[in-house]
Amino acid sequence: MVINNCEIKLKPFHALVNVATLLNEPIGSTRDYNIEDIADENNESPVTGPVSMVRSQRGVLVRANLTTHVEMACSRCLSPTDCVLDIALNEEFLPSIDVASGLPLHTPRDGSVFVIDHNHILDLGEAVRQYVLMAVPMKPLCRPDCAGICPTCGANLNKGPCKCRETSVDPRWAKLAALRKKPSRAVTRKRTPAPRERKMTHGTATKA
């Protein structure tokens, strides 16, 4: 996936909880978990943090403070870098089946809300994925003082200076730079005589 011209490698993630019992309890009932304990065993994405589930009037309100890592390319030197993301998730999940009668409920299926499936399984995977995408930095850096790459040869300047000239000419100023390289022509100016000197050139000064 590419966001802000940066490729993001998101690994599959699922965290499944059967909330049938919680849906049968009074509003305000809670359950607390660590997401590591409810995450699927085959998950490849490292997500950690506490998760709280509260029975709401419509379904289950989920609050979680999570930390995860995503691999991105540094926006300066393009080297792979591991970005640590902190996520504050706060979403309500709505049931698709009435837990008491077993009858289907009218729940939007257009992606505008998170839905608990017909087996009363709440999956945090899609919510976590969306929050990760929103937390991705616009300009990820491998380190705060990243030197980037040389715009001429593309060398990674974090590994040392390249062999290019230290100063490169902006193409828009190339014509002016060429003028500086041409030998300058000496301009000889005629000396203008002083006023008294001009009078003396017409003859000998008259004695008083």
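The values are calculated or read from the model by the stated rules, or taken from the named source; none is laboratory data. Keep in mind it's a predicted model, so treat the numbers as computed, not measured. In this analysis, Cβ positions are derived from the backbone assuming ideal geometry, glycine residues included, and neighbour counts consider all displayed protein chains. With ligands, DNA and RNA removed, areas are computed over all heavy atoms of the protein, side chains included. Shrake-Rupley method; radii C 1.70, N 1.55, O 1.52, S 1.80 Å.
Conditions (1) open to solvent by less than 20 Å² (accessible area, probe 1.4 Å); (2) at pLDDT 90 or above; (3) part of a loop (DSSP other than H, G, I, E, B), marked per residue:
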position	(1), (2), (3)
32	no, yes, no
41	no, no, yes
51	yes, yes, no
82	no, no, no
88	no, yes, no
106	no, no, yes
115	no, yes, no
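Report, by residue number, each residue of the range 53-80 that is in contact (Cβ under 8 Å) with a residue 60 or more places away in the chain and in a loop (DSSP other than H, G, I, E, B).
Scanning the range 53-80 gives 74, 75, 76, 77, 78, 79.
Hey, residue 144 hits all of (1) under 30 Å from residue 15 (Cα atoms); (2) open to solvent by 40 Å² or more (accessible area, probe 1.4 Å); (3) outside any strand (DSSP E or B) but one; which does it fall short on?
(1) is the only condition that residue 144 fails.
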